[in-house]
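In what follows, a single structure is set out as structure tokens and then discussed.
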There are 2 protein chains.
Amino acid sequence: MAQAHWGCCPWLVLLCALGAWGHPKSVDLTAEDVRNCLISPPYLPVTVVNTTAQLTALRQQMHIQNLFAYIIPETDAHMSEYIGTRDKRRAWMTGFTGSAGTAVVTMGKAGLWTDSRYWTQAERQMDCNWELHKEADIKEDIPGRIVTDRSLTGEPETVPGGSWESYNMALMNSNIKLVSITPNLVDQAWGSEKPLVLSQPIYVLQEAFTGNTWQKKVSDIRSQMQKHPKAPTAVLLSALDETAWLFNLRGSDIPYNPFFYSYTLLTDSSIRLFVNRSCLNSETLKYLNSSCTGSMCVQVEDYSQVRHNVQAYASGNVKIWIGTSYTTYGLYEVIPTEKLIEDTYSPVMVTKAVKNSKEQALLRASHVRDAVAVIRYLVWLEKNVPKGTVDEFSGAELLNKFRGKEQFSSGPSFETISASGLNAALAHYSPTKELHRKLSSDEMYLLDSGGQYWDGTTDITRTVHWGTPSAFQKEAYTRVLIGNIDLSRLVFPANTSGRMMEVFARRALWDVGLNYGHGTGHGIGNFLCVHEWPVGFQYNNIPMAKGMFTSIEPGYYQDGEFGIRLEDVALVVEAKTKYPGSYLTFEVVSLVPYDRNLIDVSLLSPEQLQYLNHYYQTIREKVGPELQQRQLLEEFEWLQQHTEPLSAKAPHTAPLASLLAVSSLAILGCRV
Amino acid sequence: MAQAHWGCCPWLVLLCALGAWGHPKSVDLTAEDVRNCLISPPYLPVTVVNTTAQLTALRQQMHIQNLFAYIIPETDAHMSEYIGTRDKRRAWMTGFTGSAGTAVVTMGKAGLWTDSRYWTQAERQMDCNWELHKEADIKEDIPGRIVTDRSLTGEPETVPGGSWESYNMALMNSNIKLVSITPNLVDQAWGSEKPLVLSQPIYVLQEAFTGNTWQKKVSDIRSQMQKHPKAPTAVLLSALDETAWLFNLRGSDIPYNPFFYSYTLLTDSSIRLFVNRSCLNSETLKYLNSSCTGSMCVQVEDYSQVRHNVQAYASGNVKIWIGTSYTTYGLYEVIPTEKLIEDTYSPVMVTKAVKNSKEQALLRASHVRDAVAVIRYLVWLEKNVPKGTVDEFSGAELLNKFRGKEQFSSGPSFETISASGLNAALAHYSPTKELHRKLSSDEMYLLDSGGQYWDGTTDITRTVHWGTPSAFQKEAYTRVLIGNIDLSRLVFPANTSGRMMEVFARRALWDVGLNYGHGTGHGIGNFLCVHEWPVGFQYNNIPMAKGMFTSIEPGYYQDGEFGIRLEDVALVVEAKTKYPGSYLTFEVVSLVPYDRNLIDVSLLSPEQLQYLNHYYQTIREKVGPELQQRQLLEEFEWLQQHTEPLSAKAPHTAPLASLLAVSSLAILGCRV
């Protein structure tokens, strides 16, 4: 799915990414059902949460500590994309449940900053205790609007080091001092009502599903430490997927991500894993060599001891290497500056980004099975939508069921975006049991979904129309498809940044005055994050290298009418160029055909057509046997029909007679 | 010409741009003729300058001031691209005359930092007093290599504010303090031998050649000051083209650029112009209203008083708006931080970047006449190269002569790159009277040149072959041409950054494993800089807007064999898209056909061919009548022949009989 909306770095998205391309305007379906604080008494819809008690409790805490203002971001201590209920402090405080937004509370005022995608939602959920600030960058506003001359504080454990610095920069010429305090004041105010940590077991990922043993991974990171010119003595890991990846462990503390609350301090002579000890059984402790103390034994420490432990380690003659993007100020501040080695991403984050051949094979295999689930759903829709019995929510549930039947399935990798008609033009739409739209042959339907499997994480978007699309819908769809094709087949020098090349996904839309307001793709993990940084096409992603996986997902959104997105996951592979050189290209591993009903073949160049037919041939070769073996013969027939080679002159729907034919174009093979 | 090699911001190029794409390796034609400091006595070629006296004189000055190290960049007090002899302090001190490089002198050591383009040149020109440091980023080296624990100083007047800050950042954790001293110690050491300022007259550019009166420009900048949220009371202009543009004045203090040494302090109630007063005649003083003191009268101050004057102004209740890219630390440091409003580029720089309709017409007109000069030269070469009597240097001189005959001509806009065969693969090659290569029908010839005219500045590159090019040469040439075409015909949303779109100029090369190691284009002025920032395709250029002019210049360089570059100047215009929106595209204003002998038409798509034929039709319409009117009938005939519409099936050279025919493709017109 598109990561400008659901990025792995909510802080970066909030502070930096907005305004780069602008956002599609949200369609206000029930504009009248928002609060009105200008009348007396104010009008408050039923969806509003009364936050007076929360604010009173927080201000009491602030009064005790003599603080003027308190910042409440919506993230956890690991900068996670998805967070547990107990970390939804801003939502509890404000009533606003959107995934992006920061609250600031002073003794007299309370304000929420969020971007245009969430303004209506905020006006529906917040009571009149809260001012809604529509500016994208909270830093610009803090000095003038909220704070005047006293102490400002945030939650050190949930403010990334970089953001803390940028707040400080913004406050530099003021009388305001940013201070760091613990424990968290919202937690103090929340008190006994704050949800408990559920002690979910941490389990070992079977060797069949891992790229390397944890011992090999630890040795590799230590070897990078030894080669580093600044001679780090330790690496500190804060992001949950860093620790999960390093030890080949998984858990269930976070929705959609198989992670457990954790930190790791990997030094040149020790390995310290900070977790809830009770979640590790004796087998896992043995797997980690936790009973010894050598350099290849894992010392299991309590999760709550990380700050103290890092502080103690930092008092020695050490240098600690961190990735600033995922390290909170709460840990950052306990390490003296001269003992810090800062990179944007930790060596684990960067190493994890490049999948070895076993990890590549695992991720590919998960995409074959994922394609089976998606195809089963598309076939079922084709039969049932005309009956008028399918809605967005029940459809999404059925898809989850199909995915759940696949081998190694471990649930969805994010909340399915199942959006019909005008709902698909909304940037962050997901249906609910209560609020959803019926699917219809007269409307386009956008499905953006993914699965977690023990061997890989998937993410795919297809847009379909079962009736007669308009000429404009066909043109827009085809231009989005051309964007997907042009970027997928691009040959580029090794180490080119994704940001430089993502325009190829936009050119066909630009040509006629169309565009889309989100990023073009993001990295993805092996049973890890569905948005796995630092791979992707944004300005803060690292350059593309062989072995990385990224989504490629151009789109087009017509406000109030329809939305199109075509997303595939692709592996970065070596390109065989005519002249020798270090060049790369993509190999798409998502294996579901596009909707023939929406493709205007006349807009495709011969090269694009050749690419598409080659891709269809690959789908047949990889998914066809899987369907046959599972006796899914109706789905197999559907697949053959929908991967029939397209020709510039042929009618858009191929006759049944040619079902098994393979065109000369398809077997030519435009590249390996 | 390609600005990664000859960028307007030598400091930025030195500190930041290197390594982005890498540089083509320089071909060391006479590798043996470099210094050898490892033998005793050292071997020094005749090209080496003995710098012992210079170093002794500088160290005496350093000793007096108790300084440990002294930094000597190669730029003037205005960050000019081309600098006068009296500002070539680094060249005088080191012997090394290359356009990029910084020297650092301590009491015991002397070092020069420059990039790979200049290593051989430095080894030929420097004696053994100097260490050559091959790292691109001098900041990385200062603390460890040169300075240990004493004061480091630079030349405040010639170090841009931003670089000063970055030096300070690099030195932060050391015991070294960066201090700013005046007067310049190299000048002190240079003494009476330093070349004098030649008092060249400053003249008024006739109204016919200006976009607006200076009064209108001043009012416009003041209006921007009033609308600015931070309420500046003054704008300080340091770049020479800022003052020249603002007052519609020109001079002759700088090679290739019609500028005069100057600063401007434009306040809300006064205008202070800092120049050598003796260069203004009474007519010019009257033109500037210099006898009054109102807000629309120009107070002419002495050039040397700028620092003192700005300091005095900054003591008041004021806010001074500057562009950091062109403001030296010498001025930056006299303004208290809280009174500074810093942008990367001043409002004059940004306003000047967008040409109004009169300026656009002027620039277009200069390109028509420039095309006549270039075509005359190409026609002459076609006849004379086979005779074996033309060399790179005499050719360049003849071209200058042809340009000199054009109306409003005011000399070349940079040193002509006239490079035959393998010389064209050298990044910064220009022939000299002594050292040049003969032109031959067996080799490719690259010509990158431009003119200064009262109405506009031009810059164009063509590559030709008069014999039988190899298949590889034709392929490489055609792919460079496709890059030029694909970027030129791109339709893109308003405010897209050039950096995002420049890959379209590379795709056809990337496809087969080829690339080029320089930027893709730069802004250009109206009788101003040939590399006019901040327009272009680099990371530090501002987004593209209607009315900007930029060069588009992909290339390909085969070390030791040949070089190809195809450069045109293009105007950013509104694009008429099928669906409404704010979209832009380019309109090429350079009007010289490409070499048909080097185009492999089979590589062009129908859209590229259509674009090319439409461009050729435009050349015929605009340059044809000019040639006829001037009775340049041989050139007219040549033009018709070389702009004959190309067809995918037609032979590469069109028959004479079809000379005046216009193909249906050409009159279709792919865009306006």
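Which distances in nm, rounded to one decimal and ordered from shortest, link the label point of B:GLU333 to the equivalent label points in the other identical copies, with labels set 7 Å from Cα toward Cβ?
3.5
Taking both sides together, what accessible area is buried at the A/B interface, probe 1.4 Å, expressed in Å² and rounded to the nearest 100?
Details: alone 26280 and 26240 Å², together 50160 Å².
Using a 1.4 Å probe on protein heavy atoms, the buried area is about 2400 Å².
Let me spell out the model: positive unit charges on the Cβ of Lys and Arg, negative unit charges on the Cβ of Asp and Glu, origin at the Cα centre of chain B. What dipole size does that give, in debye rounded to 20? Can you show the working numbers first?
On the way: 59 positive and 69 negative charges, 230 e Å.
Result for chain B is approximately 1100 debye, rounded to the nearest 20.
Check A:ALA110: other-chain or 5+ apart residues with amide H under 5 Å from its amide H, H built from backbone geometry?
Those lying under 5 Å, H to H, from A:ALA110 are A:GLU131.
What does the copy distance list look like for B:ILE64, label position 7 Å along Cα→Cβ, in nm and ordered from shortest?
Distances to the matching label points in the other copies: 6.8 nm.
Just check chain B against the gyration tensor rule for me: Cα atoms, a ≥ b ≥ c as the square roots of the eigenvalues, rounded for a/c under 1.5, and otherwise prolate or oblate depending on whether a/b exceeds b/c.
Taking the square roots of the gyration eigenvalues as a ≥ b ≥ c, chain B is oblate.
Quick check: residue separation of A:ASN212 and A:GLU193 times 0.36 nm, minus the Cα distance between them. What number comes out in nm? Walk me through the numbers on the way to the answer.
Values: separation 19, 0.36 × 19 = 6.84 nm, distance 4.22 nm.
Stretched fully, the A:ASN212-A:GLU193 segment lengthens by 2.6 nm.
Hey, with R₀ at 60 Å, roughly what FRET efficiency would A:GLU621 and A:GLU165 work out to, going by the Cβ-Cβ distance, to 0.05?
Values: r = 51 Å, r/R0 = 0.86.
Here the calculated transfer efficiency is 0.70.
Per residue, how large is the accessible surface of the protein assembly as shown? Use a 1.4 angstrom probe and give square angstrom. Working shown, then result.
Values: 50160 Å² over 1344 residues.
So the protein assembly as shown comes to 37 Å² accessible per residue, rounded to a whole number.
Tell me the carbon and sulfur percent of the accessible area for chain B, rounded to whole percent, probe radius 1.4 Å. It would help to have the intermediate numbers written out before the result.
Details: 13100 of 25060 Å².
Looking at chain B in its full context, I get 52 percent from C and S.
With the crude spin-label approximation of a point 7 Å out along Cα→Cβ, what separation in nm comes out for A:ASP559 versus A:SER278?
With each label point 7 Å from Cα toward Cβ, the separation is 5.2 nm.
Could you tell me which of B:HIS367, A:LEU44, A:TRP164 has its Cα farthest along the dipole of the protein assembly as shown towards the positive end, charges placed at Cβ (Lys, Arg +1; Asp, Glu -1), taken about the Cα centre?
The listed residue farthest towards the positive side: A:TRP164.
Return, for the Cα atoms of segment B:162-311, the radius of gyration and Dmax in Å, separated by a comma.
Calculated on Cα positions, Rg and Dmax stand at 18.1, 58 Å.
Which residue, A:PRO232, A:LEU266, A:GLN299, has the largest displacement toward the positive end of the dipole of segment A:175-319 when charges sit on each Cβ (Lys, Arg +1; Asp, Glu -1)?
Highest projection toward the positive end goes to A:PRO232.
Please arrange B:LYS339, A:LYS355, B:LYS387 by accessible surface area, largest first, computed with a 1.4 Å probe and ligands excluded.
Working: B:LYS339 40, A:LYS355 10, B:LYS387 135 Å².
Sorted by accessible area, descending: B:LYS387, B:LYS339, A:LYS355.
Which residues, if any, in segment A:541-582 lose at least 30 square angstrom of accessible heavy-atom surface (probe 1.4 Å) when the other protein chains sit next to their chain rather than the chain being alone?
Buried by the other chains: A:LYS578, A:TYR579.
Say a site is exposed when it is one of the GluC sites (Glu not before Pro), sits in a DSSP loop, and has at most 13 other Cβ atoms within 10 Å; what is then the longest site-free stretch of chain A? If you can, show how the numbers build up before the last one.
Details: sites that count: A:GLU32, A:GLU135, A:GLU434.
Excluding the exposed sites themselves, the longest stretch runs over A:136-433.
When only alpha-carbon atoms are used, what values of Rg and Dmax, in angstrom, describe segment B:524-584?
Both quantities, over Cα of segment B:524-584: 15.1, 50 Å.
Using a 10 Å cut-off around each Cβ of peptide B:494-506, what is the average number of partner chain Cβ atoms that fall inside?
Numbers: counts 0, 1, 5, 2, 0, 4, 7, 5, 2, 8, 3, 0, 5.
Average per residue, whole number: 3.
For segment A:423-540, just say rounded, prolate or oblate: build the C-alpha gyration tensor, square-root its eigenvalues into a ≥ b ≥ c, call rounded for a/c under 1.5, and beyond that prolate if a/b exceeds b/c, oblate if not.
oblate
Once label points are set 7 Å from the Cα along Cα→Cβ at both A:ASP268 and B:LYS134, what is their separation, rounded to one decimal in nm?
In this crude spin-label approximation the distance works out to 3.0 nm.
Solvent-accessible area of B:TYR167, probe 1.4 Å, all protein chains present, reported in Å² to the nearest ten, please.
Its accessible surface works out to 0 Å², give or take rounding.
Can you compute the FRET efficiency between A:LEU285 and B:VAL46 using 1/(1 + (r/R0)^6), with r the Cβ-Cβ distance and R0 = 56 Å? Round to the nearest 0.05.
Using R0 = 56 Å, I get an efficiency of 0.15.
Take every Cα-Cα distance within segment B:264-369, group them into 10 Å bins from 0 onward, and report for each bin the whole-number percent of pairs it holds.
13, 34, 33, 17, 3, 0
Between B:SER223 and the same site in the other copies, what are the distances in nm, shortest first, taking label points 7 Å from Cα along the C-beta direction?
Its label point is 6.6 nm from the equivalent points in the other copies.
Roughly how many debye, to the nearest 20, is the charge dipole of the protein assembly as shown about its Cα centre, given +1 on each Lys and Arg Cβ, -1 on each Asp and Glu Cβ, and no other charges? Each step should come with its number before you reach the end.
Values: 118 positive and 138 negative charges, 44 e Å.
Using Cβ point charges on Lys, Arg, Asp and Glu, the protein assembly as shown gives about 200 debye.
How big is the charge dipole of segment B:37-89 about its Cα centre, in debye rounded to the nearest 20, if each Lys and Arg gets +1 on its Cβ and each Asp and Glu gets -1 on its Cβ? The partial results should precede the final answer.
Working: 4 positive and 4 negative charges, 43 e Å.
With Lys and Arg at +1 and Asp and Glu at -1, about 200 debye.
List the aspartates and glutamates whose Cα sits under 17 Å from the Cα of A:LYS352, skipping any in the same chain fewer than 8 residues away.
A:GLU207, A:ASP220, A:ASP241, A:GLU242, A:ASP343, A:ASP455, A:GLU532
Taking a virtual spin label 7 Å from the Cα of B:THR389 along the C-beta vector, which residues in segment B:400-419 bring their backbone nitrogen under 19 Å of it?
Only B:400-402 pass the distance filter.
Which entries in the list A:LYS217/B:LYS134; A:LYS383/A:LYS546; A:LYS134/B:LYS576; B:LYS576/B:LYS622; A:LYS88/A:LYS227 go over 30 Å, if you measure between the two C-alpha atoms of each? Can you show the working numbers first?
Values: A:LYS217/B:LYS134 36 Å; A:LYS383/A:LYS546 41 Å; A:LYS134/B:LYS576 33 Å; B:LYS576/B:LYS622 23 Å; A:LYS88/A:LYS227 40 Å.
The answer is A:LYS217/B:LYS134; A:LYS383/A:LYS546; A:LYS134/B:LYS576; A:LYS88/A:LYS227.
Applying 1/(1 + (r/R0)^6) with R0 = 35 Å to the Cβ-Cβ distance of A:ASN356 and A:ASP302, what FRET efficiency is obtained, to the nearest 0.05? Before the final figure, lay out each step's value.
On the way: r = 33 Å, r/R0 = 0.94.
Plugging the Cβ-Cβ distance into 1/(1 + (r/R0)^6) gives 0.60.
What distance in nm lies between label points placed 7 Å from Cα along the C-beta direction at A:SER602 and A:GLU382?
2.5
For the protein assembly as shown, build the charge dipole from Cβ charges (+1 Lys, Arg; -1 Asp, Glu) around the Cα centre, then report which of B:LEU378, A:LEU598, B:HIS428 sits farthest towards its positive end.
B:HIS428
Across the protein assembly as shown, how large is the tail of the calculated P(r) beyond 67 Å, expressed as a percent of all Cα pairs?
On the way: 93203 of 902496 pairs.
Beyond 67 Å sits 10 percent of the P(r) for the protein assembly as shown.
Around B:SER470, with a cut-off of 12 angstrom between Cβ atoms, what is the net charge of the other residues, counting Lys and Arg +1 and Asp and Glu -1? Before the final figure, lay out the partial values.
Working: positive: B:LYS474; negative: B:ASP442, B:GLU443, B:GLU475, B:GLU561, B:ASP600.
Combined, the nearby Lys, Arg, Asp and Glu give -4.
The values are calculated or read from the model by the stated rules, or taken from the named source; none is laboratory data. The structure displayed is predicted, hence computed values, not measured ones. Neighbour counts run over all protein chains shown; Cβ positions are idealised from the backbone, glycine included. Quick note on the areas: whole protein, heavy atoms, side chains included, nothing else; ligands and nucleic acids left out. Shrake-Rupley method; radii C 1.70, N 1.55, O 1.52, S 1.80 Å.
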